[in-house]
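The values are calculated or read from the model by the stated rules, or taken from the named source; none is laboratory data. Quantities reported herein were computed from a predicted structural model and do not represent experimental measurements. When we count neighbours, we look across all protein chains shown, and the Cβ atoms used for this are built from the backbone with ideal geometry, even at glycine. For the accessible areas, the whole protein counts, side chains as well, though only heavy atoms, and no ligand, DNA or RNA atoms are used. Shrake-Rupley method; radii C 1.70, N 1.55, O 1.52, S 1.80 Å.
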Amino acid sequence: MHKDVKSILIEEAAIEEKCAELGSIITNYYSDSEKPLVLVALLKGSVPFLARLIKYIDLDIEYDFMDVSSYEGTNSTRDIKILKDLDRSIKDVNILLVEDIVDTGHTIEAIINLLNNKGAAEVKVVSLLDKPSRREANVKADFVGFEIPNEFVIGFGLDFNEKYRQLPYIGILKDEIYQ
Ligand code: IMP
């Protein structure tokens, strides 16, 4: 275990098993659709999750990346600035947004709106982690790996100051590291 990690919340084997489970649920969900399916992963945190998940989706898919930064907009809503947009048109395409964690929900809310405005046929969200106790926006992920308590977690793509993304498990950071 990394020296800055207090405890492991989700082991690597459990993440792999969950990706297999989610992959089969997603395969079933889209198996009757004639429309193209594009997985849209948000940089950078969702990269390890995307890589594991797609092994278990038994359909023709494409994947693409978006990078956004969020900031406090007017009326204390959150606005997002697009740092990297999609490479293709998504008109009449099924979109599965791939997130590492849904926390307040502001990020996925803004991106769901944006993708709907671009003419997507349907926008669904798969998130490896969900912290429902922190939710502010009225959104939820359609497919969730694990609900977790209100702890700051790192690993498997999740960072603190850009560190710890490479850890193969989800861990809780020692308090002294981020206080
Ligand atoms: P939201 O807009 O508050 O739902 O924030 C989602 C984003 O916040 C995630 O994609 C992560 O980048 C970041 N985030 C939220 N909670 C954590 C955490 O516990 N550890 C690391 N990053 C987090």
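Coupling constants for segment 94-107 follow from the phi torsions by the Karplus curve (6.51 cos²θ - 1.76 cosθ + 1.60, θ = phi - 60°), and in residue order they are 7, 10, 10, 7, 10, 10, 7, 8, 9, 10, 6, x, 4, 5 Hz; glycine and proline get x.
Could you tell me whether segment 1-51 comes out rounded, prolate or oblate from its Cα gyration tensor? Rule is a ≥ b ≥ c as square roots of the eigenvalues, rounded for a/c under 1.5, then prolate if a/b exceeds b/c, otherwise oblate. The shape class here is oblate. For segment 112-119, putting each phi into the Karplus relation 6.51 cos²θ - 1.76 cosθ + 1.60 with θ = phi - 60° gives couplings of 4, 4, 4, 6, 5, 5, 7, x Hz, in residue order, rounded to whole numbers and with x for Gly and Pro. The trypsin sites (Lys or Arg not before Pro) of segment 7-114 that meet both conditions, a loop assignment by DSSP and at most 15 other Cβ atoms within 10 Å of the site Cβ, are Lys44, Arg88, Lys91.
When each of the peptides 151-159, 114-122 is scored by the mean number of other C-beta atoms lying within 10 Å of its residues, the order from highest to lowest reads 151-159, 114-122.
Cα axis of helix 12-30 to longest principal axis of the chain: angle in degrees, 0 to 90, nearest 10? Long axis of 12-30 versus the principal axis of the chain: about 20 degrees. Straight-line cross-link partners of Lys44 among the lysines, defined as a Cα under 24 Å from its Cα and at least 8 positions apart when in the same chain: Lys3, Lys6, Lys18, Lys55, Lys81, Lys84, Lys118, Lys124, Lys131, Lys140, Lys163, Lys174. Temperature 20 °C, viscosity 1.002 mPa s: under these conditions the Stokes-Einstein estimate for the chain, based on its Kirkwood radius over C-alpha pairs, is 127 µm² per second.
Given +1 at the Cβ of Lys and Arg, -1 at the Cβ of Asp and Glu and no other charges, the dipole of the chain around its Cα centre is 320 debye to the nearest 20.
Each stretch of four or more DSSP H residues adds -39500 (n - 2.57); spread over every residue of the chain, this sum gives -7000 deg cm²/dmol at 222 nm. With a 1.4 Å probe rolled over the protein heavy atoms of all chains, the accessible area of Lys163, Lys3 falls in the order Lys3, Lys163, largest first. Note: relative contact order over segment 92-172, using C-alpha pairs below 8 Å and six or more positions apart, is 27 percent.
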